[in-house]
Amino acid sequence: MIPKIIHQVWEGRQNPLSDFYTQLSGTWKEHHPAWQYKFWDGDRMDAFVREHFPDFAGTYFGYRYPVQRWDTIRYLILFKIGGMYVDFDYECLESFDDLITENGTCFFAMEPDEHRRALGKTLCFNNALMATSPGHPFFKHIIEHLTSTPFSYSGNKVHDVLTSTGPLMLSNLYENYKGTDVRILPADQVSPWSQREVRNFVAGIADEELLEKKLEKAIAIHYFWGSW
């Protein structure tokens, strides 16, 4: 069973949380009034790793890019505590109560098809929205991979992050996962707009009628703001 806890991560050592992100965070609280909300800043993240995953601390604090720690901490939190993790650039449109009831013990959000094609994948999901019960086998699989698999940096930050701790790493692990207990929510529900469409909307050059139509099945919108 997935606990009704919403987790959000913002290290806060370099940049304060913006009003925009605070407003988006409020949409999750609004649609889930009975859920517990946990905010994780840098000090709380670091203490959590040292207390619950001391053998992983060397890897965690040794990452070259802060975003790799921000990626990794969400897997550790969900494995230990369970619940739903959501990035701050995600807006909630409806409650996830029924969705969690219907989708078992673990789920992730599919990337828009445009992103999948750009990455050359047959399937690609993200780590911006995911939920699980504590101790789930797939999250154990993720942590074991991060703990045991050496990574060589190429110098391309985006590529290195995506393949070491981010969505490409997740999708690759899922392709070789033998379990049947992970659900991938369709993009039209949880990632209806691509990054390009979001940027066009902000710039005032989007086909707004098309974007509105893409929201017909949506219960959340990822804005792909890329704060890292």
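Read the figures in this text as sums done on the coordinates, not as results from a lab. Every value quoted in this text rests on a predicted model; they were computed, and no experiment measured them. Positions of Cβ are backbone-derived with ideal geometry, glycine not excepted, and every protein chain shown enters the neighbour counts.
Summary table
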quantity: Long-range neighbours under 7 Å by Cβ, at least six apart or interchain, first residue over 13 Å from residue 81 (Cβ atoms) within the range 39-51, second loosely packed, with under 13 Cβ neighbours inside 10 Å; calculated: 42/13
quantity: Residue list for the range 193-223, restricted to those being more than 22 Å from residue 30 (Cβ to Cβ) and of a type in the set (A, V, I, L, M); calculated: 202, 203, 205, 206, 210, 211
quantity: Residue within the range 180-189 that is among the acidic types (Asp, Glu) and closer than 21 Å to residue 60 by Cβ present; calculated: no
quantity: Residue in the range 43-60 that is under 23 Å from residue 199 (Cβ atoms) and in contact with a strand residue (DSSP E or B) (Cβ under 8 Å, 6 or more places away or on another chain) present; calculated: no
quantity: Meets criteria (buried (at least 16 other Cβ atoms within 10 Å of the Cβ), more than 20 Å from residue 17 (Cα to Cα) and of a type in the set (Phe, Trp, Tyr)) for residue 53; calculated: yes
quantity: Selection within the range 126-177 - among the polar types (S, T, N, Q), surrounded by fewer than 16 Cβ atoms within 10 Å (Cβ to Cβ) and not in a helix (DSSP H, G or I); calculated: 149, 152, 154, 156, 176
quantity: Close pairs from the range 106-117: first over 15 Å from residue 197 (Cβ atoms), partner part of a helix (DSSP H, G or I) and among the aromatic types (Phe, Trp, Tyr), Cβ under 6 Å, at least 6 apart; calculated: 106/138
quantity: Options 85, 60: the member that is among the aromatic types (Phe, Trp, Tyr), assigned to a strand (DSSP E or B) and under 18 Å from residue 165 (Cα atoms); calculated: 85
quantity: Those residues of the range 71-109 which are crowded, with 20+ Cβ neighbours inside 10 Å and of a type in the set (Ser, Thr, Tyr), in sequence order; calculated: 72, 75, 85, 90
